[in-house]
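Structure, as structure tokens:
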Amino acid sequence: MTRLFGVIGHPISHSLSPVMHTAAFTALHLDALYSPFEVPAAILKPILKGLLAAGVEGLNVTVPLKETVVPLMDHLDVTAQAIGAVNTIVIRRQKTIGYNTDVVGFRRVLVEDLRYDCRGKTVLLLGAGGAARAVGWALVGLCPKRIWIVNRTYTKAKHLVRDLCRATALYHSPRRIRWGMGFAALPLDALTQVMQEVDVLVNATSLGLYVSDPIPVVPSSLHKNLVVVDLIYHRDTPLLKAARRRCAVAIGGLSMLLYQGVESLRLWLRRPAPIEAMRRALVRVVNKVSG
Ligand code: NAP
């Protein structure tokens, strides 16, 4: 029988997950389908019930459902629970288990792709939504000196700082906490001022998703010692282009998308994912879209 998987979100047409996972199933010679499902938040609960009844074994969850879906899970992995966002659902015997594989995805970008050691560094995280929460959690595990968070809605940045402080207590020994990381939610207008002190800049806002979006920082504040990670994966964003013009290291979100997908597949199938086939499929589709 054909095995069923998919991704839920709204809008969903931009998602590259179907391309990546279909390539994985082909490489594994698996009789399986991965479909996008357009699901507005208002009808999430009945749709989820319907997908379970249809025998779906695994789902990815994307904007804007990652937080909305949390209370609907039968079980939550400890990381997803701490972050308060789910991007992967494993369904076993009609029960749902929520995971967050964005954490592993971001971690692998810094550690494996960039071979970057965050210890002693200052990280500026733009955004406080589901993706920023996963990035923040991954960063806590990598022990930078400071994590600064800037978000359009300041209170959300403050809440994320509070939650990351709690995460640090879970992750690290009391001694490390005493000497360790500093967290702060900074106001939007402090952004340009602090940039010279920043080593790593992560854009985890939706800015850059559309061609007409403005760049989230003043381009002249970017400097050559920066590492810039933009979670947007459809194209080279104005932020990445501006960072490269200033000779900074700049990487887009495609790798993170790949790694989080690899981890989702591992959770669904309980076997290693064919990472190179998935990477090739993603690169092919992005090159095609960006012309
Ligand atoms: P989300 O929960 O909806 O959060 C969106 C974030 O962007 C919030 O911090 C929001 O600020 C901010 N924002 C939205 N519009 C803005 C604007 N016009 N100006 C300034 N800030 C704005 O979404 P998410 O799940 O965190 O995803 C964020 C982005 O990351 C999306 O583009 C998504 O595609 C991408 N992403 C990539 C990967 C990957 O693997 N590469 C993984 C996850 C997500 P407020 O709090 O003020 O609303």
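Any read-out appearing in this document is the output of simple, stated calculations on the displayed coordinates, not a laboratory observation. Note that the structure is a prediction, hence the values are computed from the model and not measured. All Cβ positions, glycine included, derive from the backbone under ideal geometry; neighbour counts span all protein chains shown.
See the values below:
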{"quantity": "Paired Rg and Dmax values of the range 7-49, which use every Cα atom, in angstrom", "calculated": "12.2, 37"}
{"quantity": "Theoretical gain in end-to-end length, ASN225 to ASP189 [0.36 nm per residue, Cα-Cα removed]", "calculated": "10.7 nm"}
{"quantity": "For the chain, share of DSSP beta bridges that run antiparallel, in % to the nearest 5", "calculated": "20"}
{"quantity": "The chain - mean residue ellipticity at 222 nm from DSSP helices (-39,500 (n - 2.57) per run, n ≥ 4, rounded to 500)", "calculated": "-11500 deg cm²/dmol"}
{"quantity": "Overall dimensions of the chain by Cα: Rg and Dmax, Å", "calculated": "18.8, 59"}
{"quantity": "Three-way shape call for the range 147-291 based on the alpha-carbon gyration tensor, with the a/c threshold at 1.5", "calculated": "oblate"}
{"quantity": "Placed amide H near LEU33: partners under 5 Å, 5+ positions off or other chain", "calculated": "ARG3, LEU4, PHE5"}
{"quantity": "Surrounding net charge for ARG107, when Lys and Arg each add one and Asp and Glu each subtract one, Cβ distance under 12 Å", "calculated": "-3"}
{"quantity": "Highest to lowest packing among 266-275, 248-257, scored as the average C-beta count within 10 Å", "calculated": "248-257, 266-275"}
{"quantity": "Mean projection area, nm², convex hull over Cα of the range 1-153", "calculated": "10.2"}
{"quantity": "Highest-first arrangement of 28-39, 193-204, where packing means the average Cβ count within 10 Å", "calculated": "193-204, 28-39"}
{"quantity": "Inter-label distance, nm, simple model (7 Å from Cα along the C-beta direction), LEU209/CYS247", "calculated": "3.6"}
{"quantity": "Relative contact order of the range 103-170, pairs being alpha-carbon contacts under 8 Å that are 6 or more residues apart, as %", "calculated": "35"}
